[in-house]
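All remarks here apply to the structure that follows.
The values are calculated or read from the model by the stated rules, or taken from the named source; none is laboratory data. Quantities reported herein were computed from a predicted structural model and do not represent experimental measurements. FYI the Cβ positions are ideal-geometry reconstructions off the backbone, even for glycines, and counts take in every protein chain you see. Side chains included, ligands, DNA and RNA excluded: accessible areas come from the protein's heavy atoms. Shrake-Rupley method; radii C 1.70, N 1.55, O 1.52, S 1.80 Å.
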Amino acid sequence: MLRTLLASLLILVAGVATLAAATEGFRVFTAETARRFDIRAHPRALPSLTLQTTNGGSIDLLDLRGRWLLVDFVYTRCMTYCSIQGSEFSRLQQQLAEPIAQGKATLLSLSFDPDHDGPAELESYLQRSGVHGAGWVAARPTDATSLTTMMRFFGVKAISDGMGGFVHNSAIGVIDPRGRLIDVVDWSDPQMAARYLSGRAGS
Amino acid sequence: MVLHMLFQIPLLVLAGWILTTALPRRFCKAVAPWNAYGISGILLASLTGSVWMLPRMLDAAVDDFSIALVKWISVPFLIGMPLALSWPRAGFVVRGVFLLELIATAFRLGWLYLVSPVRLCNSYLLDDQQRLGWLLLAIGVVAVLFLAWQLLWGHIEVRHLDK
């Protein structure tokens, strides 16, 4: 019986330690919170990523450093969540008009469906969502490798919804002027992203 | 998600349970004193089970091959096998506690999956999660009814090896 007690205690300690490690100390239970937790704890430096924008030209994600970037992920055929996501970004663009005009902030919508989302589709997505001039860029990765790099770096996962569309973990990535992804906030709470920015936009 | 949690993992447990019959007798005899009434084994199986119930771990097992490998090894050997070695040794109370906790977990997780407005796994759709919720509740209800029937009208005889 003593040996069983000893074995059980060892198992209990090892088990609780494993559970604690798997949940970052009982704080993280889903992959989504784990992704955000990890990004907050260890900001990620942006990778080089070739993107094609709505005018057909190419930019590198690294070229956008030096200002705050708020990034969301879309596919333009989406008619449900993404339309709300689009109008939230439109509102955010209005609210952040000042830092945007000063070149201190840019909104960036990246498509994870580059096969379908060409410059024309992305432009019509912006128009449909109510874009207010400059300061909101829509772009797509130019090849399969950049798409994989983009999804990995931001931790975005899109799965088929069984009806020709996608379901994805949508959120707003916050990138600081040094070019580091420092936070991921709920897309339904863009004010959180805005607060992040307005608090530090001047600095 | 339903396939992952209600077929793949239970099948891996079953595989471990069946593999136990191939264990040499000497091994079973050697671990027996460390596993009076099956307590250590059931504890090991329960804790390992809790790890694989974390939505994060399910997602990781889908996305990351090395985690999937850990799952394929740990579920049969740390859940199926200890259960097979412990269940025959467990008395009425140990079995009761384990079954009660299993049923409570089915209800808890089932309810959570049903009411959660967000996807707990990035790899699965919301309707899949809700279907799993219903199935877990159904499994919980059937298990309760079965146990109640056993307690009221069944013949319960727990003959365990530790006397």
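Structure above, values below:
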item: Simple spin-label estimate for B:TRP134 and B:PHE65 in nanometres, 7 Å along Cα-Cβ; result: 3.7 nm
item: Buried on assembly, the range B:62-84 (at least 40 Å² less accessible surface than by itself, 1.4 Å probe); result: none
item: Residue-averaged beta-carbon neighbours from other chains (10 angstrom radius) around B:119-125; result: 6
item: Shape category assigned to the range B:2-153 from the gyration tensor of Cα positions, a/c cut at 1.5; result: oblate
item: Intensity falloff of chain A expressed as log10 I(q)/I(0), Debye formula with alpha-carbon point scatterers, at q = 0.10 Å⁻¹; result: -0.46
item: Diffusion constant of the protein assembly as shown at 4 °C, which comes from Stokes-Einstein with the Kirkwood Cα-pair radius and 1.567 mPa s, µm²/s; result: 55 µm²/s
item: Contact surface A-B: accessible area buried, both sides summed, square angstrom, 1.4 angstrom probe; result: 2200 Å²
item: For the protein assembly as shown, accessible area per residue (1.4 Å probe, heavy atoms of protein chains only), Å²; result: 51 Å²
item: Average Cα contact separation per residue, the range A:11-66, under 8 Å, 6 or more apart, as relative contact order %; result: 17 percent
item: Percentage relative contact order, the range A:43-200, counting C-alpha pairs under 8 Å, at least six apart; result: 33 percent
item: Shielding by partners - mean other protein chain Cβ count within 10 Å, residues of A:165-172; result: 2
item: Chain A, accessible surface, carbon-and-sulfur percent (1.4 angstrom probe); result: 57 percent
item: Average Cα contact separation per residue, chain B, under 8 Å, 6 or more apart, as relative contact order %; result: 30 percent
item: Assigned charges on the beta-carbon of Lys, Arg, Asp, Glu; the protein assembly as shown dipole about Cα centre (debye); result: 1440 debye
item: The range A:88-140 shape via C-alpha gyration tensor axes, a/c threshold 1.5; result: prolate
item: Distance in nm between pseudo-label sites at A:LEU6 and A:MET163 (7 Å out along the Cβ direction from Cα); result: 6.1 nm
item: Kyte-Doolittle mean at least 1.6, axial Cα span of 18 Å or more - DSSP H helices of chain A; result: A:2-22
item: Cleavage-rule hits, trypsin sites (Lys or Arg not before Pro), the range A:90-188, DSSP coil, Cβ neighbours within 10 Å at most 16; result: A:ARG178
item: Inter-chain Cβ neighbour average for residues A:65-77, partner chain, 10 Å; result: 0
item: The protein assembly as shown, helix-only ellipticity at 222 nm - DSSP H runs n ≥ 4, -39,500 (n - 2.57), divided by all residues, nearest 500; result: -17000 deg cm²/dmol
item: Distance from the range B:1-68 to the range A:144-165 (C-alpha centre basis), Å; result: 32 Å
item: Solitary cysteines of the protein assembly as shown, where the nearest other Cys Cβ is not under 4.7 Å; result: B:CYS28, B:CYS121
item: Selected from B:ALA36, B:SER66, B:PRO82, residue furthest toward positive end of dipole (chain B; charges at beta carbon); result: B:ALA36
item: Of the trypsin sites (Lys or Arg not before Pro) in the range B:28-85, those whose Cβ has at most 13 other Cβ within 10 Å and which sit in DSSP loop; result: none
